[in-house]
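For reference, the structure discussed in these notes is given below.
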Amino acid sequence: MAEGERQSPPASSEDTPPAPQNFIIPKKEIHTVPDMGKWKRSQAYADYIGFILTLNEGVKGKKLTFEYRVSEAIEKLVALLNTLDRWIDETPPVDQPSRFGNKAYRTWYAKLDEEAENLVATVVPTHLAAAVPEVAVYLKESVGNSTRIDYGTGHEAAFAAFLCCLCKIGVLRVDDQIAIVFTVFNRYLEVMRKLQKTYRMEPAGSQGVWGLDDFQFLPFIWGSSQLIDHPYLEPRHFVDEKAVNENHKDYMFLECILFITEMKTGPFAEHSNQLWNISAVPSWSKCLEKFPVIQHFKFGSLLPIHPVTSC
């Protein structure tokens, strides 16, 4: 759903199935620092960034409580995420000597690893069944690493890639844009926060310039867009406890701030220095100027490594 990309017409049982596509299992292509050039030139990068920016424009100036259309595909994605949530309840943490990285997470993840294709098949129409194994890889990549029991922005990026792929095969449509962020991505954040708290997951690679918080990045991008031209909330207000408590249900950015303050103790400027620095910028539009690099991204037929093809 990148800018300028034409969408397929809504699918129905009477539609002629699209021409067959050779779907492939996505794999890593970025192995060394020089490979980053391949990522920046790739069709995947153009499509992914275009997808993020298109959704960014869709939610600009809108509250989470804004009324919008919720399609059947969106409802199916929420049901999928509800299943992941239920599995957490069914897989309680185990007693172990280590405080962090509860090993019950590996049991939970093994269930997803086994069921991912079946879950994705509940969202993807049967005439697109060939896409399911490729799309399911991004779902499995989006919930953390079962070896390290950690979670970070690369996993979050995989979930955005999962949604981007569903747009590219026509499961999600142009008029799903607001619901993709406010309904699906927001539910994903809730499930990830529950995972992080239940299994005491470690942050994956949050150190350095991109460490806005230990786990997420995109809700700060889309959340900033929500707040552009707000009549009274300015970036300096997100370090104001009263402003956060009164407005977090309407704004994704402030919900993230609330979660950080629940999880961390001490002065905000010390535990979340990058965010503290951002609070000094004059406008929300200034929060939108940077993106993280994606080291563990996987490439397939829908998000390919080959360079952008000019029209």
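Excluding ligands, DNA and RNA, what is the solvent-accessible area per residue of the stretch 25-128 at a probe of 1.4 Å, expressed in Å²?
On the way: 5730 Å² over 104 residues.
About 55 Å² of surface per residue is accessible.
Once the other residues with Cβ under 15 Å from the Cβ of I25 are scored (Lys, Arg +1; Asp, Glu -1), what is the net sum?
-1
Would you list which lysines come within 18 Å of K168, measuring only between C-alpha atoms, while excluding same-chain residues fewer than 8 positions from it?
Partners found: K76, K298.
Give the carbon-plus-sulfur fraction of the accessible surface of the stretch 43-205 in %, rounded to a whole number; probe 1.4 Å, heavy atoms of protein chains only. Can you show the working numbers first?
Details: 3120 of 6450 Å².
Heavy-atom surface of the stretch 43-205 belonging to carbon and sulfur, 1.4 Å probe: 48 percent.
Which of the peptides 99-106, 71-78 is most tightly packed, and how do the rest follow, going by the mean number of other Cβ atoms within 10 Å of each residue?
Averaged packing, sorted descending, gives the order 71-78, 99-106.
Along each of its three principal axes, how wide is the spread of alpha-carbon positions in the stretch 43-205, in whole angstrom units, largest first?
49, 37, 30
How do 41-54, 23-36, 182-195 rank on mean C-beta neighbours within 10 Å, highest first?
Top of the packing list down: 182-195, 41-54, 23-36.
Would you mind calculating the relative contact order of the stretch 43-205 from Cα pairs under 8 angstrom and at least 6 residues apart, reporting the percent as a whole number?
About 35 percent, as a whole number.
The values are calculated or read from the model by the stated rules, or taken from the named source; none is laboratory data. Remember, predicted model here, so these are calculated numbers, not experimental data. No Cβ is skipped: glycine too gets one built from the backbone with ideal geometry, and neighbour counts run over all protein chains shown. Heavy atoms of the whole protein, side chains included, go into the accessibility calculation; ligands, DNA and RNA do not. Shrake-Rupley method; radii C 1.70, N 1.55, O 1.52, S 1.80 Å.
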